[in-house]
1. Give the angle, between 0 and 90 degrees and rounded to the nearest 10, that separates the Cα long axis of helix A:193-204 from the longest principal axis of the Cα atoms of chain A.
2. Note the distances from B:SER242 to each other copy's matching label point, with points 7 Å along the Cα-to-beta-carbon direction, in nm, sorted shortest first.
3. Output needed for the protein assembly as shown: three equivalent-ellipsoid semi-axes, defined as square roots of 5 times the C-alpha gyration tensor eigenvalues, in descending order, whole Å.
4. Between B:LYS180 and B:LEU52, what length comes free when the chain is fully extended (0.36 nm per residue of separation minus the Cα-Cα distance, one decimal in nm)?
5. I need the inter-copy label distances for A:GLU104: point set 7 Å along Cα to C-beta, values in nm with one decimal, smallest first.
6. Note the distances from A:GLU116 to each other copy's matching label point, with points 7 Å along the Cα-to-beta-carbon direction, in nm, sorted shortest first.
7. Which residues in the stretch B:124-150 have a backbone N closer than 12 Å to a point placed 7 Å from the Cα of B:ALA170 along the Cα-to-Cβ line?
8. For A:ARG44, B:ARG264, which order do you get if you count the other beta carbons within 10 Å of each Cβ and list the fewest first?
2 protein chains.
Amino acid sequence: MGLAPGSKAVIVSVGNELLIGKVVNTNLSWLGSKLTELGFRVDRGIVVPDDLDLIAWAFRTAVDAGARVVIATGGLGPTFDDMTSEGLARAMGAEMVVNEEALEMVRRKYGGELTESRVKMARMPRGAKPIPNPVGTAPGVEVEWRGSVIFLLPGVPSEMMAMFEESVKAKLTQLARALKKAEALIRSVGLPESLAAPVVESAAKLGEHTYVKSHPKGSETGKPVLELHVTAYGVSEEEALSKLEEAVDYLLRELGRRGAQVHRIG
Amino acid sequence: MGLAPGSKAVIVSVGNELLIGKVVNTNLSWLGSKLTELGFRVDRGIVVPDDLDLIAWAFRTAVDAGARVVIATGGLGPTFDDMTSEGLARAMGAEMVVNEEALEMVRRKYGGELTESRVKMARMPRGAKPIPNPVGTAPGVEVEWRGSVIFLLPGVPSEMMAMFEESVKAKLTQLARALKKAEALIRSVGLPESLAAPVVESAAKLGEHTYVKSHPKGSETGKPVLELHVTAYGVSEEEALSKLEEAVDYLLRELGRRGAQVHRIG
């Protein structure tokens with residue numbers, strides 16, 4: 001089925017802690033939700049450890065996939081295992097340079113005192129621009145490469161979210177040519193998911209950009225409960241709504257015909 | 001730095017809901033932790049939507065990366081958008097066939113009644129074996145391809161975890177040639193992460209399989225607090241412990257010399 005139409009986006013998550021299971025990757029779902037809202041189709045997520053070659057691989061893979069936007073989180077701090085910028089530079093074949101604007105951001109954070117580890121946070125691929133970090137110390141990075149706009153943000157969620165809202169979102173809004181979206185939620189009681197499946201499949205075929213996802217919700221007085229999340233897209237709000245109504249009407253009629261108690265709940 | 005030594009594993013997560021941000025991918029961190037415990041090096045995680053080509057791409061990518069083990073979650077249910085088995089078959093160039101043992105598992109779950117959607121759950125690439133599902137209805141899948149052992153498990157965490165514990169873990173234990181592991185936790189108060197960084201870097205260089213990860217923990221009465229997680233591996237427990245002690249002693253001495261109050265807390 002694929003995802004909703006729109007420009008393609010790939011999310012890259014960097015950090016050993018994600019792969020050894022010390023940290024749950026909430027950044028991926030948060031960014032996925034934001035990108036989807038803005039009209040992007042999040043095509044895949046790539047999680048790699050703190051390893052230069054694997055980080056470079058992740059960026060090459062994202063750009064090869066034709067992503068208009070790549071957002072990476074993690075690995076921007078001062079320690080030796082923070083190497084996302086350098087991994088990106090390796091992928092791009094670009095030189096790592098100290099960005100003067102970024103250095104000034106770091107200098108201000110520390111009241112002027114610069115150590116080697118602090119200067120490291122201002123190093124980025126030549127041609128990149130720093131993104132201000134209103135919460136922590138490490139600036140983010142924005143750079144264009146082979147038709148993709150790549151953003152590097154810190155892994156600490158509070159910093160990542162603040163930088164996304166303050167700096168990244170406006171840029172993404174320009175990049176997104178968002179279609180209009182309409183959504184509905186349907187509740188069906190009494191029909192097992194396996195019997196509802198052919199109806200759901202047919203409903204999703206009613207429009208090229210109509211999507212139906214079924215979520216089993218256990219059972220109620222012994223009867224299986226399903227929630228069906230219907231999404232339709234169109235070039236105008238009217239078109240999206242009209243496609244949505246068509247799918248909803250079909251689902252209510254056909255599931256009812258098969259014995260389900262079914263109604264729209266959202 | 002890369003991850004701990006051991007056989008390489010890749011985790012594949014399938015589902016639109018993960019990429020549009022409706023669900024946080026706790027399966028990845030749970031499996032990452034289990035695989036790491038068993039001695040595997042989780043090399044990367046790949047998240048793809050319910051899309052045949054992208055699912056096939058994820059499996060090809062994992063196997064091309066030289067993974068000894070690939071575990072995928074999600075997309076095994078009865079609905080049209082459950083297509084992980086078929087995506088794997090497409091990657092392998094294998095035919096999709098109804099597995100008789102799997103069909104018997106599904107039949108027993110439903111008291112004998114089989115519909116097209118139910119039979120679908122017994123379809124898997126030719127040569128694969130079903131994995132019993134003690135909680136839900138869809139069997140898992142185990143198949144070998146180009147030197148990788150590939151496991152497909154459901155996306156529902158309770159089903160995934162039960163199947164992992166009951167069937168997958170024993171197989172992985174055979175596959176893992178686990179090195180012995182030793183761990184310590186050090187707390188440092190009074191030194192900013194950027195000043196501790198060179199010491200941490202040197203400590204990690206003491207042994208080929210010694211790893212130090214620093215976690216900033218905010219500040220206490222105005223002084224920055226860091227926790228350093230030290231891990232060392234060896235072919236015996238003695239070797240792992242001896243490498244660990246070497247790194248811990250170094251960190252306590254060198255951080256103390258730079259003015260931190262530092263002690264081992266775990």
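What follows is calculated from the coordinates using simple rules that are stated; it is not laboratory data. This is a predicted model, so every value here is computed, not measured. Because the Cβ atoms are built from the backbone with ideal geometry, glycine has one as well, and the counts that use them run over all protein chains shown.
1. 80 degrees
2. So the label point of B:SER242 gives 7.9 nm to the other copies.
3. Details: eigenvalues 371, 173, 72 Å².
Square roots of five times the eigenvalues give 43, 29, 19 Å.
4. On the way: separation 128, 0.36 × 128 = 46.08 nm, distance 3.95 nm.
In short, 42.1 nm is gained.
5. From this label point to the equivalent ones elsewhere in the assembly: 7.5 nm.
6. Spacings between copies for this position, smallest first, are 6.7 nm.
7. Counting only backbone N, you get B:132.
8. In order of increasing Cβ crowding within 10 Å: B:ARG264, A:ARG44.
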